Amino acid sequence: MYRSQRLALRYFAAAITLFGVMTAAGLLSALYYVDSSLLYNVFDFQMAKILHINTLVIWLLMGFIGAVYWFLPRELGREVVGIWLAEVLFWIFCAAVAVVAVVFIFVQYGSSDQFSMWFINQGRKYVEAPRWAAVGIVAVVLTFVYNVTATAWRARRMTGILWVLILDLVPLSVLYLDAFPQITNMSHDLYWWWWLVHMWVEGTWEVLIGCLMAWSLMELMGTSRRIVEAWLYIEVMMVLGTGILGLGHHYFWIGTPQYWLGIGGFFSALEPLPLLGMVVHAVYDAGTHHMKTTNRPAFYWVLAEAFGNFIGAGVWGFMMTLPQINLYSHGTQWTVSHGHFAFWGAYGCGVIAIIYLVLQQTRKAQNFDSRAWKWSFALLNLGLVGMVGGLLVAGITQAIYERAQGGSTLQAFVVASENQWFQSGMYARVIFGLLFAIGYLVLVYDLLVIGKRAAVAQRTQEASA
Ligand code: HEM
Ligand code: HEM
Ligand SMILES: [Fe+2]
């Protein structure tokens, strides 16, 4: 095993740990909606939510980085250049995340000054980490980009997937700088902040997961490189062709010029097409190989990724992407429903798939299967889909009673929040969230033990033969 691949395993362990913190913080956030006096003046909803969505971003990024460190040396047949630097930075990264989490939990917030920005909270949703930590993340990502490009350079060899990946890493890291400017005008601030959030999840991250799924399909089913690369080029062109101007669907109501209504509505409405393409691709590959694989968990999680990406991001996003509908759905639990479905479908499932794929190789198990993975697959996905359903009901209730009928007044907000459909949605989120959390625990158990017994049995059999 290359050193880079051992580093990948460490990244996966960190990612799964943070996935747990995210789940706990999500459950806590959900409880405030059913008991609004929860932990009053001790730990506020906003901090629980900040912890939830920041650990979300970090565990997914760690999963992606780990996946690249895993696939890269295989792709080029050599150790990653500058791997020692990446190894050192991994520990600094983990320490920084821990310090930030402790500050979020115990210090929570400060007065509105430079000190708070540097040491407590930078204040941009999803990337709230204080500035010192944000600078650290830039260092980690720059090292990562250096590792990847320098390795390809030294190997004097490039593959199609690697080209796409390297070209994608440039905007992916540059966009993060969008977490930094200090802008006091709220419209301007949101205008630039959306470049980060939208262009990440609907542009650069989609391309990155496309590359990772291409490698995964090749390993899992032996799909030919020619086929996955051809699909990848088409998907990338379509993702960027629709996603870049699709940015406009966040510019409807923040004080930007009116032409964004048309541009945003039109281009973002086309965004589901490449995601549908990915489903067709995955199903086509699975079909041509008669659903045969020696790694069922990874295979099922890849399929979940393809469908989850299309339904959660594509269909759920499409539902509220036209300005005529977004006028009513904007910023309700409907948005939260889509956010959960999309992040989970497109990225959560993808990272889990890759971890299963990798574990089969490290544990040297020929047939990688267990009963536990099925339980965790079912519980996690049932929990998530149940939550998403509850939130959709709650969100549509808000859109009708608070927005369409109530005219968005404070009184209308209260009326919608007391509506029994809204309330049931909030309870449903807690109940399905608990199922999700149990699924997480089973996942951790399975990742720790799957394949181990089979591999030992196999080795003793070989030894006695
Ligand atoms: C136990 C499971 C989970 C529970 C109970 C939960 C609960 C919550 C709650 C209560 C919020 C705040 C919503 C608001 O501001 O009104 C939230 C936000 C969010 N969660 Fe979760 N969550 C869970 C799992 C997940 C997962 C698995 C993901 C993605 C992979 C995720 C992604 C997000 C995102 C992106 C937001 C921000 C959404 C927005 O503000 O529009 N959550 N979650
Ligand atoms: C994997 C891809 C995607 C992810 C992870 C994702 C995630 C999210 C999240 C978390 C939000 C809430 C942002 C916030 O206010 O904090 C959001 C908003 C939104 N998304 Fe997506 N999304 C994806 C793809 C799409 C697609 C393909 C479409 C359209 C077809 C779409 C349409 C929208 C719209 C219209 C909003 C704004 C909702 C509002 O006005 O409140 N999304 N998305
Ligand atoms: Fe977007």
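Looking at the range 164-173, is at least one residue more than 15 Å from ligand 2 (Cβ to nearest atom), buried (at least 16 other Cβ atoms within 10 Å of the Cβ) and free of Cβ contacts under 8 Å to residues at least 12 places away in the same chain? No, the conditions are met nowhere in the range 164-173. Look at the range 411-436: where a residue is at positive phi, no partner that is surrounded by 16 or more Cβ atoms within 10 Å (Cβ to Cβ) sits 6+ places away or on another chain with Cβ atoms under 7 Å.
Among the conditions (1) without any contact (Cβ under 8 Å) to a residue 60 or more places away in the chain; (2) closer than 18 Å to residue 242 by Cα, the only one that residue 321 does not satisfy is (1).
Run down 57, 68 and say which single residue is of a type outside the set (Lys, Arg), away from ligand 3 (no atom under 16 Å from the Cβ), under 19 Å from residue 173 (Cβ atoms) and surrounded by 15 or more Cβ atoms within 10 Å (Cβ to Cβ).
Details: 57 fails: away from ligand 3 (no atom under 16 Å from the Cβ).
Exactly one of 57, 68 is of a type outside the set (Lys, Arg), away from ligand 3 (no atom under 16 Å from the Cβ), under 19 Å from residue 173 (Cβ atoms) and surrounded by 15 or more Cβ atoms within 10 Å (Cβ to Cβ), namely 68.
Being within 15 Å of ligand 3 (Cβ to nearest atom) and either touching a residue at least 24 places away in the same chain (Cβ under 8 Å) or surrounded by fewer than 22 Cβ atoms within 10 Å (Cβ to Cβ) (or both) narrows it down to one of 232, 270, 276, so name that one.
Of 232, 270, 276, the one residue that is within 15 Å of ligand 3 (Cβ to nearest atom) and either touching a residue at least 24 places away in the same chain (Cβ under 8 Å) or surrounded by fewer than 22 Cβ atoms within 10 Å (Cβ to Cβ) (or both) is 270.
Among the residues of the range 359-393, those that are touching a Lys or Arg at 6+ places or on another chain (Cβ under 8 Å) and at pLDDT 95 or above comprise 373, 387, 390, 391. Inspect the range 129-146 for any residue being out of contact with any Phe, Trp or Tyr (no Cβ under 7 Å at 6 or more places or on another chain), in contact (Cβ under 8 Å) with a residue 12 or more places away in the chain and over 24 Å from residue 55 (Cα atoms) and give the result as yes or no. The answer is yes; a qualifying residue exists.
Within the range 401-410, identify whether any single residue is surrounded by fewer than 17 Cβ atoms within 10 Å (Cβ to Cβ), over 24 Å from residue 296 (Cα atoms), in contact (Cβ under 8 Å) with a residue 40 or more places away in the chain and within 16 Å of ligand 2 (Cβ to nearest atom), and answer yes or no. Break it down into steps so the answer makes sense when it comes.
We begin by selecting, within the range 401-410, every residue surrounded by fewer than 17 Cβ atoms within 10 Å (Cβ to Cβ); these are 404-405, 407-410.
From the residues that got through so far, the ones that are over 24 Å from residue 296 (Cα atoms) too are 404-405, 407-410.
Pick out the ones that are also in contact (Cβ under 8 Å) with a residue 40 or more places away in the chain and you get 404.
Now narrow it down to the ones that are within 16 Å of ligand 2 (Cβ to nearest atom): 404.
Yes, there is a match, as at least one residue in the range 401-410 is surrounded by fewer than 17 Cβ atoms within 10 Å (Cβ to Cβ), over 24 Å from residue 296 (Cα atoms), in contact (Cβ under 8 Å) with a residue 40 or more places away in the chain and within 16 Å of ligand 2 (Cβ to nearest atom).
The helices (runs of 4 or more DSSP H) found wholly in the range 245-358 and carrying at least 3 residues that are of a type in the set (S, T, N, Q) and more than 22 Å from the chain's Cα centre (by Cα) occupy 323-329. Considering 205, 215, 194, the condition of being within 25 Å of residue 344 (Cβ to Cβ) and more than 16 Å from ligand 1 (Cβ to nearest atom) is satisfied by 215 alone. Residue-level check: of (1) in contact (Cβ under 8 Å) with a residue 24 or more places away in the chain; (2) within 16 Å of ligand 3 (Cβ to nearest atom); (3) small (Gly, Ala, Ser), residue 353 misses just (2). Applying the criterion of at least 1 residues that are closer than 24 Å to residue 345 by Cα to the helices (runs of 4 or more DSSP H) found wholly in the range 373-465 leaves 420-449. Please indicate, with yes or no, whether at least one residue in the range 303-320 is buried (at least 24 other Cβ atoms within 10 Å of the Cβ), β-branched (Val, Ile, Thr), assigned by TED's automatic domain parsing to the domain that holds residue 416 and away from ligand 1 (no atom under 14 Å from the Cβ). The answer is no; no qualifying residue exists. For the condition under 29 Å from residue 153 (Cα atoms) and either within 16 Å of ligand 3 (Cβ to nearest atom) or among the small types (Gly, Ala, Ser) (or both), residue 110 does not qualify.
Of the helices (runs of 4 or more DSSP H) entirely within the range 117-233, those holding at least 1 residues that are outside the structural domain of residue 310 (by TED's automatic domain parsing) and within 21 Å of residue 305 (Cβ to Cβ) occupy 160-176, 186-199, 205-221. What residue, of 348, 317, 312, is small (Gly, Ala, Ser), out of contact with any Gly (no Cβ under 6 Å at 6 or more places or on another chain) and within 16 Å of ligand 3 (Cβ to nearest atom)? Only one candidate qualifies: 317.
Restricting attention to the range 23-46, which residues are part of a helix (DSSP H, G or I) and in contact with a helix residue (DSSP H, G or I) (Cβ under 6 Å, 6 or more places away or on another chain)?
23, 25, 26, 27, 28, 29, 30, 32, 33, 34, 45
Among what's in the range 181-203 and is more than 16 Å from ligand 3 (Cβ to nearest atom) and aliphatic (A, V, I, L, M), pick the residue that is nearest to residue 268 (Cα to Cα).
First, pick out the residues of the range 181-203 that are more than 16 Å from ligand 3 (Cβ to nearest atom): 181-189.
Those still in the list that are aliphatic (A, V, I, L, M) too: 183, 186.
Numbers: 183: 27, 186: 24 Å.
Ranking the candidates gives 186 first.
Among the candidates 331, 314, single out the residue that is near ligand 2 (Cβ under 10 Å from one of its atoms) and without any contact (Cβ under 8 Å) to a residue 24 or more places away in the chain. Only one candidate passes the filter, namely 331.
The values are calculated or read from the model by the stated rules, or taken from the named source; none is laboratory data. Remember, predicted model here, so these are calculated numbers, not experimental data. Heads up, the Cβs are rebuilt from the backbone with ideal geometry, glycines too, and the neighbour counts pull from every protein chain shown.
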